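The values are calculated or read from the model by the stated rules, or taken from the named source; none is laboratory data. What you see is a predicted model, and the numbers here were worked out from it, not measured in a lab. Neighbour counts are summed over all protein chains in view; Cβ atoms, including those assigned to glycine, are modelled from backbone coordinates with ideal geometry. Each accessible area value is taken on the protein alone, full model and side chains, heavy atoms only, with ligands, DNA and RNA left out. Shrake-Rupley method; radii C 1.70, N 1.55, O 1.52, S 1.80 Å.
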Amino acid sequence: MIVKTKKYKLEPGTYIKAAMANILREQWWVGLIFLAICSGYFFVPSHWWITGAVIGLILYFLFWLIQFAGVTQMEQSKILFERMSYEIDSRQVLMKINPRQGMPITWDNIKKARKGGDHFLLIISKAQMIYLPFRIFNTDNERKFTETILKRKGYIKSDAPAEKTK
């Protein structure tokens, strides 16, 4: 069975939010570095430990925010933000701009997948992802079939949203 979705255009704001959330999940350890730097205050009491750690953390997140905002402006990434439909089966995800033009992405290229409250997020790299809101599926059965494919491939668990890392 092939799931054919409605056409959907990924908005840059949605992309930036999803990409930032992905970075926060993947690089949670940055918070530990922040806390370690802040703990320097206990050894040499000075507000500069905390000030420096806060500035470093803000610059770190600002770096990633600029990266993802830049992706929305690059010519090479314009295809991510065009109106397209998707065909999903057990072999691949086909991104179709029109009936004759499309780009297949095999499941091997997808590193992780997440199921959110109202979407599936297929992560190809830190900056490339496929955002599939539930509303683009024609029926609830197609959404459930896509979820079943993701479970069979090991990207999400049956009970709760999870991820598979390759």
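Data overview
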| read-out | value |
| --- | --- |
| Subset tally (residues that are farther than 20 Å from LYS7 by Cα, open to solvent by 40 Å² or more (accessible area, probe 1.4 Å) and in contact (Cβ under 8 Å) with a residue 60 or more places away in the chain) for the range 104-152 | 2 |
| Which numbered condition LYS78 misses (of (1) modelled with pLDDT under 90; (2) under 17 Å from THR146 (Cα atoms)) | (2) |
| Test: residue in the range 89-99 that is over 19 Å from the mean Cα position of the chain (by Cα) and not in a loop (DSSP other than H, G, I, E, B) | yes |
| Matching residues in the range 3-39 - criterion: being aromatic (Phe, Trp, Tyr) and out of contact with any helix residue (DSSP H, G or I) (no Cβ under 7 Å at 6 or more places or on another chain) | TRP28, TRP29 |
| Tabulated pairs, the range 73-98, first farther than 19 Å from PRO133 by Cβ, second exposed (fewer than 12 other Cβ atoms within 10 Å of the Cβ) and at pLDDT 90 or above, C-beta under 8 angstrom, 6+ apart or interchain | SER90/ARG152; ARG91/THR106; GLN92/THR106 |
| All positions within the range 5-27 that are touching a strand residue (DSSP E or B) at 6+ places or on another chain (Cβ under 7 Å) and free of Cβ contacts under 8 Å to residues at least 24 places away in the same chain | none |
| Matching residues in the range 3-17 - criterion: being loosely packed, with under 14 Cβ neighbours inside 10 Å and part of a strand (DSSP E or B) | LYS9 |
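Residues are listed down the side, and each one gets a yes or a no for (1) over 23 Å from PHE137 (Cα atoms); (2) loosely packed, with under 15 Cβ neighbours inside 10 Å:
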| residue | (1), (2) |
| --- | --- |
| MET1 | no, yes |
| ILE33 | yes, yes |
| PHE43 | yes, yes |
| VAL54 | yes, yes |
| GLY70 | yes, yes |
| GLU75 | yes, yes |
| MET95 | no, no |
